[in-house]
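The values are calculated or read from the model by the stated rules, or taken from the named source; none is laboratory data. Fair warning: this is a prediction, and the values are worked out from it, not measured in the lab. Here the Cβ positions follow ideal geometry from the backbone for every residue, glycine too, while neighbour counts run over all protein chains shown.
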Amino acid sequence: MRERAIIEPHSQPALPRYVRLQFDELRQCWALLAPERVMWPDEISVDILKRCDGRATTDAIVSDLANDYAAPEDEIRQDVTTFLQEWADKRLVVCMDKAEI
Amino acid sequence: MPAPGPPLGMLAELTHRCPLQCPYCSNPVDLLKSDAELDTDSWLEVFTQAADLGILQVHLSGGEPALRQDLEALVACLAERGVYTNLITAAVTLSEQRIADLAAAGLDHVQISFQGTNPETTELISHYKGAHEKKLRAARWVRDAGLPLTVNAPIHRCNFDQVEQFVDLALELDADRLEIANVQYYGWAYLNRTALLPGPEEVARQAVFVEDARERLTGILNIDFVTPDYYAEYPKPCMGGWGNDAMAIMPDGTVLPCHAAQTITSLNFDRATDRPLAEIWNNSDAFERFRGTEWMQEPCRSCPRKDLDFGGCRCQALALTGDAAATDPACIKSPNHDALRRMATRASETGSGELIYRRIGSQGEPVA
C-alpha cells in the first residue's frame, strides 16, 4: 500500500500526472486543475509549484527561491516545507524519491 | 444584473443509454433514446465553444459515456484545448485497449462507480450480471494505464454497512480518491426513497467513521463524504450557485444550469445546436432566472448564508413545495423543513425492499 509522503530536505517533489498547472489566458492567472477541483494558487504558490519537477530537491527549491526573492534560506525553508507537506497530504504533490506518481 | 463570470465546469451527459439500471440514477426519469443524441461533430463544436468560453473541466458522463464510440475523439478535442477531462463511468463495458486509447487521447482522470463491495450487492443494485468483477478488472487497467482513479460509492440502505469495506476497496485498487456519496433523493432515487433512505443515526455513524478514516489515511487516500441533505441543517450550495460557474448538457444538446433543471417546467431551455453557448450562458432565461440572489424570497433574502448556499436546490424546492423560488426545505429555516424531516423519517422506517430499476420507458411519477 502507498505511504504518506513526508517532505524532507532531500525529497524531490513533483505534480502527479492528474494535477496540471496552466496559465489561463482568458482570466490572466494561473489555474491548478485536479480531479473535481480547480484552484487559483497565488504568486508565491505558483513559484514553488513550478519548481516541483521531480528532479529538484526541497533544499534546491528553497535556495532557488531564496535567490529569486533575495531572502535568507532559513527564513523560507520552514514555509516552503509546510506548504509542500500540506499539498502532499492532499495528494496534489507527490515525491519522486518515493518512486510514486 | 451584472454579466456573469466565465463558467469553469461542464457536466456532459453524452448519452442516457446505460447497461446498469441503478434505482437512484441521477438522470431524468424521462430518459432520452439514442436517436436524440448529438452526433460527433455537434459535440466537437459544443466542446470547442466551451473551451472558448473559459470552461476548464469537463466531466464526461451519461448514462454510460463509453457507449459512445467517438469518446476518444471527444477527449482528444478537449485535451488539445487544455481542458481537464474526467470520465465518469460504470466501467462494465471498458476493455484494456479502450482504456489505453483514452489515455493516449489525453484523458486526465477516471471515476468508476461501485454499487457494493461484493458481487451480490453490486448485482442487486446495478441489475447487471458480473458487474462487480468487470468493474474490478477495469479499475486495475485504469491504474495500469497510469491514469488516476476515483472510486465512487453511492450509499443507501442496501449498502450502508459497507462503508468500511469501501475504504479497503479503494486502497486495494490504488485509488487516489474515494467518494462516499449518500444518494440524493431526486428523480429515480425519490421514486425509490422508501427502499433506499437510511435513518439519521446511520448517517451520523458513517460521518464518525469517515472522519477517523480521513485522519488515518492523510496523504494516502482523499475521502469525500456527502450526506443526504434531508438530514442536514443547511442545504447544499447546489452547483455552487445557479449559473455561477458550471453547466450541464443533455445528450440532445439541451444546456441546463443543473442536470435536473428540466423538472422546472416553467423555464425555457436552449440547445447548443440552436444558439451559441456563450449567449445561453450569459443571456438565456433558464440561466438568468435564479442567478445571483435577487430572485430570493424570505427567509433566504435576509439570510447571512445566502451567498454560501444560494438557497439550496431549486429542483428540490419545486418538488417539495410547488415553488421553485422557495427556500430548499433541506434548510432548517424553511417552513417546510419539519414536514421534510417527517417524510424522510417515515420513508426510512418503512423499509420497503421493492426497487424500481432505471429503464428507458419505465413508468413513474416524474419528481425532481
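Structure notes:
- Options B:THR40, B:THR93, B:THR89, B:THR48: the member that is closer than 29 Å to B:ASN159 by Cβ, out of contact with any His (no Cβ under 8 Å at 6 or more places or on another chain), surrounded by fewer than 24 Cβ atoms within 10 Å (Cβ to Cβ) and among the β-branched types (Val, Ile, Thr): B:THR93
- Any hit, the range B:183-203, residues being within 11 Å of chain A (Cβ to nearest Cβ), buried (at least 19 other Cβ atoms within 10 Å of the Cβ) and more than 30 Å from B:GLU288 (Cβ to Cβ): no
- Entry remark, the range B:119-172: residues being within 14 Å of another protein chain (Cβ to nearest Cβ) and either under 30 Å from B:THR194 (Cα atoms) or within 20 Å of the chain's Cα centre (by Cα) (or both) number 9 in total.
- First in the range A:5-29 and within 9 Å of another protein chain (Cβ to nearest Cβ), second anywhere and surrounded by fewer than 13 Cβ atoms within 10 Å (Cβ to Cβ) and assigned to a loop (DSSP other than H, G, I, E, B), Cβ under 7 Å, 6 or more apart: A:ARG17/B:GLY146
For (1) in contact (Cβ under 8 Å) with a residue 40 or more places away in the chain; (2) of a type in the set (D, E, K, R); (3) on the phi < 0 side of the Ramachandran plot, each residue gets a yes or a no:
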| position | (1), (2), (3) |
| --- | --- |
| B:CYS258 | yes, no, yes |
| B:PHE269 | no, no, yes |
| B:ALA272 | yes, no, yes |
| B:PHE290 | yes, no, yes |
| B:GLU298 | no, yes, yes |
| B:PHE310 | yes, no, no |
| B:GLY322 | no, no, no |
| B:ASP338 | no, yes, yes |
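- Of A:ASP47, A:ASP64, all but one fail to be within 30 Å of B:ALA51 (Cβ to Cβ) and in a helix (DSSP H, G or I); the exception is A:ASP47.
- For B:ARG358, the stated conditions hold: it is at pLDDT below 95, basic (Lys, Arg) and buried (at least 22 other Cβ atoms within 10 Å of the Cβ).
- Residue within the range B:237-259 that is within 14 Å of chain A (Cβ to nearest Cβ), of a type in the set (D, E, K, R) and either touching a Phe, Trp or Tyr at 6+ places or on another chain (Cβ under 8 Å) or in a helix (DSSP H, G or I) (or both) present: no
- Candidates A:GLU86, A:GLU75, A:GLU43, A:GLU36, filtered to the one that is surrounded by fewer than 14 Cβ atoms within 10 Å (Cβ to Cβ), under 29 Å from B:GLY9 (Cα atoms) and over 12 Å from the mean Cα position of the chain (by Cα): A:GLU43
- Checklist (1) at pLDDT 95 or above; (2) under 14 Å from A:LYS90 (Cα atoms); (3) crowded, with 18+ Cβ neighbours inside 10 Å applied to A:TYR18, failing item: (1)
- Lone qualifier among B:SER26, B:SER34, B:SER61 - being of a type in the set (Gly, Ala, Ser), in contact with a His (Cβ under 9 Å, 6 or more places away or on another chain) and within 14 Å of another protein chain (Cβ to nearest Cβ): B:SER61
- Any hit, the range B:119-136, residues being under 14 Å from B:LEU147 (Cβ atoms), free of Cβ contacts under 8 Å to residues at least 60 places away in the same chain and touching a helix residue (DSSP H, G or I) at 6+ places or on another chain (Cβ under 7 Å): no
- Just one of the listed residues (B:ALA91, B:ALA66, B:ALA103, B:ALA79) is away from every other protein chain (no Cβ under 11 Å) and in a helix (DSSP H, G or I), and it is B:ALA66.
- Cβ separations smaller than 7 Å between residues 6+ apart or across chains give no pair from the range B:207-226 residues that are more than 10 Å from every other protein chain (Cβ to nearest Cβ) and loosely packed, with under 14 Cβ neighbours inside 10 Å to residues that are hydroxyl-bearing (Ser, Thr, Tyr) and not in a loop (DSSP other than H, G, I, E, B).
- Residue that is farther than 25 Å from B:GLY187 by Cβ and either at pLDDT below 95 or within 14 Å of another protein chain (Cβ to nearest Cβ) (or both), where the choices are B:GLN49, B:GLN21: B:GLN49
- Just one of the listed residues (B:HIS259, B:HIS337) is in contact with a strand residue (DSSP E or B) (Cβ under 7 Å, 6 or more places away or on another chain) and surrounded by fewer than 22 Cβ atoms within 10 Å (Cβ to Cβ), and it is B:HIS259.
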